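Read the structure below first, then the notes.
The values are calculated or read from the model by the stated rules, or taken from the named source; none is laboratory data. These figures come from a predicted structure and were not determined experimentally. Here the Cβ is made from the backbone with ideal geometry for all residues, glycine too, and neighbour counts use every protein chain on show. Surface areas here come from the heavy atoms of the whole protein model, side chains and all, with no ligands, DNA or RNA. Shrake-Rupley method; radii C 1.70, N 1.55, O 1.52, S 1.80 Å.
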Amino acid sequence: ILVVLGGNSREREVSLDSGRACVKAIKKIGFKVDTLDPAKQQLSEIAKTNCDIIFNALHGKDGEDGNIQSYFEFLKIPYTHSGVLCSMIAMNKVSSKQIFKKKKILTPKYFELDRSHYKKKKLDLYLKKNRLNFPIVVKPTDEGSSIGVKICKNLKQLKQAASILFKNYKNLIFEKFIGGQEIQVAVMD
């Protein structure tokens, strides 16, 4: 089993921790394990490992967005993770929301802005046009683990957060904040 971990995303450290835990658990049940870190090794090395299966422990961009999954499929090596298309859609918040709306699944009101169309002076017009009231969440459209998520209580905070995020991200999503407890469920088998 080849555990692919680390990588170059903003979630590198979490991926390394997850990967090490996976290696330990896989060894404990008696399987031979190798590792590959795309930040330190070429992906072409995967083909040389003669692994039977890849355990994908990468997080964030290039790990959960369909990129690495497409490479695994190109190599015709089975892997743990959702497939290419599901991964791409799940990682992109706008694509996910479009599917939610089509399937009549409730989702907060939102709009997306591209860096090239962003103007601080017009942000309040976008809010009015899309009928969004504070608090508002602004976040990258394609980042995971709450990286870059800002909850803004007023227009000044929102403009400041958007300006900072647009330095690192091309697209942002602005949506109505919904308070409550976050619940995650992992499904095995």
Report, for the chain, the % of DSSP beta bridges that are antiparallel, rounded to 5. 60
Just order 50-57, 106-113, 4-11 by mean Cβ neighbour count inside 10 Å, highest at the front, would you? 4-11, 50-57, 106-113
Would you tell me the accessible area of I105, worked out with a 1.4 angstrom probe on the heavy atoms of the protein chains, in Å² to the nearest 10? 90
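Which loop trypsin sites (Lys or Arg not before Pro) in the range 129-167, with loop taken from DSSP, have no more than 14 other Cβ atoms within 10 angstrom of their Cβ?
Within the range 129-167, the qualifying trypsin sites (Lys or Arg not before Pro) (loop, at most 14 other Cβ atoms within 10 Å) are R131, K153, K167.
Taking a ≥ b ≥ c as the square roots of the Cα gyration tensor eigenvalues, with a/c under 1.5 meaning rounded and otherwise prolate when a/b beats b/c, else oblate, which class fits the range 83-127? It would help to have the intermediate numbers written out before the result.
Values: a/c = 4.66, a/b = 1.72, b/c = 2.71.
Oblate is the answer for the range 83-127, as a/c is 1.5 or above yet b/c matches or exceeds a/b.
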For semi-axes √(5λ) of the Cα gyration tensor in Å the list reads (1) 45, 19, 15; (2) 37, 17, 15; (3) 45, 24, 12; the calculated value is entry (2)
Report the calculated FRET efficiency for I26 and V149 (r = Cβ-Cβ distance, R0 = 35 Å), to the nearest 0.05. 0.60
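For the range 33-83, which trypsin sites (Lys or Arg not before Pro) pass both filters: DSSP loop (anything but H, G, I, E, B) and at most 11 other C-beta atoms within 10 Å? Could you put the intermediate results ahead of the total?
Working: sites: K40, K48, K61, K76; in loops: K40, K61, K76.
Here the trypsin sites (Lys or Arg not before Pro) that fit, given the DSSP loop and packing criteria, are K40, K76.
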Under a 1.4 angstrom probe, counting protein chains only, how are T35, T49 ranked by accessible area, largest first? T35, T49
As a check on your grasp of the helix formula, calculate [θ] at 222 nm for the chain: sum -39500 (n - 2.57) over DSSP H runs of n ≥ 4, divide by the residue count, round to the nearest 500. -10000 deg cm²/dmol
Extending each Cα 7 Å along its Cβ direction at Q41 and F177, get the distance between those two points in nm, one decimal. 4.4
How would V187, V94 rank on accessible area, largest to smallest, probe 1.4 Å? V187, V94
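Between rounded, prolate and oblate, where does the range 1-81 land on the alpha carbon gyration tensor, with a ≥ b ≥ c its root eigenvalues, rounded for a/c under 1.5, else prolate if a/b exceeds b/c?
On the way: a/c = 1.64, a/b = 1.09, b/c = 1.51.
It is oblate, given that a/c is not under 1.5 and a/b is not larger than b/c.
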Chain lengthening between R115 and T49 when straightened (0.36 nm per residue, less Cα-Cα): 19.6 nm
Give me the distance in nm between label points sitting 7 Å out from Cα along the Cα-to-Cβ direction at Q160 and K128, one decimal. 2.4
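Using 1/(1 + (r/R0)^6) with R0 = 25 angstrom and r between the beta carbons of V33 and L75, what's the FRET efficiency to the nearest 0.05? Intermediate values should be presented prior to the final figure.
Values: r = 18 Å, r/R0 = 0.72.
E(calc), rounded to 0.05, equals 0.85.
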Note on the chain: contact order normalised by length, alpha-carbon pairs under 8 Å, 6 or more apart, percent, works out to 18
